[in-house]
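Student: One structure, pasted below without further comment.
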Amino acid sequence: MFEKGRNEAFELYPGAEVYLEVGYGTDPSALRGNRSFTESKLYLGVDAAEGNYYSAVNGQEYGPAVRDAIRGFQDYVRAERPQEDIRFVIGDATCLPLANESVGECYMADVLNAPLLVDTKRTLIKEAERVLKPGAKLIVKISWDYFLFPPEEVERKLRETGLLVRNRINGGGKEFQEMEAVFGTSTGLPAGVGYYVVAEKPVAGK
Ligand SMILES: C[S@@+](CC[C@H](N)C(=O)[O-])C[C@H]1O[C@@H](n2cnc3c(N)ncnc32)[C@H](O)[C@@H]1O
């Protein structure tokens with residue numbers, strides 16, 4: 001079922017720095033953040049596109065419509081940002097179509113607090129860890145249900161896979177706003193609601 005996504009992802013040219021977003025849903029950071037992705041730097045979004053999710057941005061409910069949204073994203077990129085390399089695929093991120101240690105950064109927004117099995121969440125983190133280059137970062141954003149998904153719990157899961165937790169950025173402050181500008185997922189979260197956790201894949205021998 002995910003064959004198409006796998007094949008598309010395998011066509012990525014070698015040598016480019018891959019920024020991976022797991023679970024872009026209907027709000028991909030590449031379309032909203034202040035980063036650009038060129039030939040030497042590309043954005044790859046992988047989403048299983050099977051869930052039924054609610055967008056914080058426009059209050060709309062989306063079902064498997066993520067599938068249709070992709071065409072819209074890709075048309076938008078072609079028209080508005082033709083010089084950038086932004087690609088979306090449908091795929092199961094518990095089994096990423098990417099080689100070990102091939103990704104320069106991975107971002108997951110509101111995925112680890114989505115209604116998924118704990119085992120699935122653990123596998124999503126493990127897969128992200130597998131594909132990250134040593135020293136590269138996994139950035140996790142949780143923007144709702146702070147009390148159900150406290151940062152300590154998310155950080156514990158990240159550490160379990162061998163990642164080093166570098167930083168936690170709570171909603172409300174200046175640093176949080178700066179992260180929002182980078183990833184464009186601004187929901188104006190006040191303190192005590194959402195947070196980012198920045199983890200890093202260790203470099204062997206360090
Ligand atoms: C709550 S939505 C968040 C979407 C978006 N990142 C945002 O901030 O609005 C969670 C997303 O994770 C995706 N997802 C869940 N399990 C997945 C998996 N195994 N592989 C890839 N994506 C997955 C869902 O399809 C959904 O789009």
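Student: Could you please let me know if Ala199 is loosely packed, with under 15 Cβ neighbours inside 10 Å, among the hydrophobic types (A, V, I, L, M, F, W, C) and touching a strand residue (DSSP E or B) at 6+ places or on another chain (Cβ under 7 Å)? Steps first, answer last, please.
Tutor: Working: loosely packed, with under 15 Cβ neighbours inside 10 Å: no; among the hydrophobic types (A, V, I, L, M, F, W, C): yes; touching a strand residue (DSSP E or B) at 6+ places or on another chain (Cβ under 7 Å): yes.
Taking the combined requirement at face value, the residue does not satisfy it.
Yes/no per residue for (1) polar (S, T, N, Q); (2) at positive phi; (3) in contact with a Phe, Trp or Tyr (Cβ under 7 Å, 6 or more places away or on another chain):
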{"position": "Arg166", "(1), (2), (3)": "no, no, no"}
{"position": "Ile169", "(1), (2), (3)": "no, no, yes"}
{"position": "Glu180", "(1), (2), (3)": "no, no, no"}
{"position": "Ala191", "(1), (2), (3)": "no, no, no"}
{"position": "Val198", "(1), (2), (3)": "no, no, no"}
{"position": "Gly205", "(1), (2), (3)": "no, yes, no"}
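Student: How about region 27-46: which of its residues are under 21 Å from Gln177 (Cα atoms) and either surrounded by fewer than 19 Cβ atoms within 10 Å (Cβ to Cβ) or not acidic (Asp, Glu) (or both)? Break it down stepwise before answering.
Tutor: In the first step, residues of region 27-46 are kept if they are under 21 Å from Gln177 (Cα atoms); the result is 27-36.
Residues satisfying the conditions are Pro28, Ser29, Ala30, Leu31, Arg32, Gly33, Asn34, Arg35, Ser36.
Student: Here's another thing I want to ask about it. Which numbered condition in (1) of a type in the set (Lys, Arg); (2) under 27 Å from Glu178 (Cα atoms); (3) surrounded by fewer than 21 Cβ atoms within 10 Å (Cβ to Cβ) is the only one that Arg122 fails?
Tutor: Every condition holds for Arg122 apart from (2).
Student: Count, please, the residues in region 126-146 that happen to be among the β-branched types (Val, Ile, Thr) and either in contact with a Leu (Cβ under 6 Å, 6 or more places away or on another chain) or within 11 Å of Gly23 (Cβ to Cβ) (or both). I'd like the intermediate steps shown before the answer.
Tutor: Of the residues in region 126-146, the ones among the β-branched types (Val, Ile, Thr) are 131, 139-140, 142.
Checking the rest, the ones that are also either in contact with a Leu (Cβ under 6 Å, 6 or more places away or on another chain) or within 11 Å of Gly23 (Cβ to Cβ) (or both) come to 131, 140.
Total satisfying the criteria: 2.
Student: Inspect all residues belonging to region 8-29 and state whether any of them is in a helix (DSSP H, G or I), in contact with a Pro (Cβ under 7 Å, 6 or more places away or on another chain) and modelled with pLDDT under 75.
Tutor: In the first step, residues of region 8-29 are kept if they are in a helix (DSSP H, G or I); the result is 8-10, 29.
Next, only the ones that are in contact with a Pro (Cβ under 7 Å, 6 or more places away or on another chain) stay: 9-10.
From what is left, the residues that are modelled with pLDDT under 75 are 9-10.
Within region 8-29, one or more residues are in a helix (DSSP H, G or I), in contact with a Pro (Cβ under 7 Å, 6 or more places away or on another chain) and modelled with pLDDT under 75.
Student: Scan region 95-119 for residues that are β-branched (Val, Ile, Thr) and crowded, with 17+ Cβ neighbours inside 10 Å and report the count. Quick ask: steps written out before the conclusion?
Tutor: Start the filter on region 95-119 by keeping residues that are β-branched (Val, Ile, Thr), which leaves 103, 111, 118.
From what is left, the residues that are crowded, with 17+ Cβ neighbours inside 10 Å are 103, 111.
Within region 95-119, residues that are β-branched (Val, Ile, Thr) and crowded, with 17+ Cβ neighbours inside 10 Å number 2.
The values are calculated or read from the model by the stated rules, or taken from the named source; none is laboratory data. Since the model is a prediction, treat every value here as computed from it, not as a measurement. Virtual Cβ from ideal backbone geometry, glycine too; neighbours counted across all protein chains shown.
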